[in-house]
Amino acid sequence: MSKFWNNLTSDGSELKEYGEGDSLSMIPLWSVLLAVAVFLGSMYFFNHGPAPAHRRPGSLPMHLITSYITGTTLASYMLLIGYVSRDVKRRNMPAVLWMLVVVVMPGGIGAVVYFLLRQPITIRCPSCKTELTAGVHFCPQCRFQVAPVCGQCFRGLQTTDAYCPQCGRNVAEDGGPSRLRAYSDG
């Protein structure tokens, strides 16, 4: 249930859940195809390009390693660009600006800058539509409870918790709001 609330975008629509098992779904298909094409193109260029270096005796193993490392690096960068293109939308940041920063700044510096300066994921309060940072438990404008909390220590809980992990209180004794129980049943 708290996963439901924490997966709302700022416009109130639900985000797809990107768990550990499907974290690759954050990378768009166009980025994966571009990465494969860049890798294969790099391998072709290094091995069959204008002047293949492996024609010199003894240089083939080093040339293959160099072409593989270069292809892998460029392909990984294409996947990173794809990830940023999806992540920037989740965080309500200007997509064109950040894509330019990531693509134009050399050596992956743009991606480092993006990861250092990216905004937290925001949600909207279902009651008053105030924009909230993910992980808050109550809306500061209307006091709507957006996530479950312990009735004794008021720390955040998971919907699957039977006891508070902080103070040990039996969560069933709190009898949380019916809207939270309804979402945890589904």
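Some points to look at:
- Flag for G151 being touching a residue at least 12 places away in the same chain (Cβ under 8 Å), out of contact with any strand residue (DSSP E or B) (no Cβ under 6 Å at 6 or more places or on another chain), part of a helix (DSSP H, G or I) and surrounded by 13 or more Cβ atoms within 10 Å (Cβ to Cβ): no
- If you check S42, S127 for being of a type in the set (S, T, N, Q), surrounded by 13 or more Cβ atoms within 10 Å (Cβ to Cβ) and touching a helix residue (DSSP H, G or I) at 6+ places or on another chain (Cβ under 6 Å), only one passes: S42.
- Subset of segment 56-84 (residues that are modelled with pLDDT under 90 and either under 19 Å from S31 (Cβ atoms) or among the hydroxyl-bearing types (S, T, Y) (or both)): S59, T66, S67
- Filter result for R90 (surrounded by 14 or more Cβ atoms within 10 Å (Cβ to Cβ), within 27 Å of S25 (Cβ to Cβ) and in contact (Cβ under 8 Å) with a residue 60 or more places away in the chain): yes
- Selected residue (criterion: farthest from the chain's Cα centre (by Cα)) from residues of segment 93-107 that are part of a loop (DSSP other than H, G, I, E, B) and without any contact (Cβ under 8 Å) to a residue 24 or more places away in the chain: M105
The values are calculated or read from the model by the stated rules, or taken from the named source; none is laboratory data. A quick note: this is a predicted structure, and the numbers were derived from the prediction, not measured. Backbone-built Cβ (ideal geometry, glycine too); neighbour counts: all protein chains shown.
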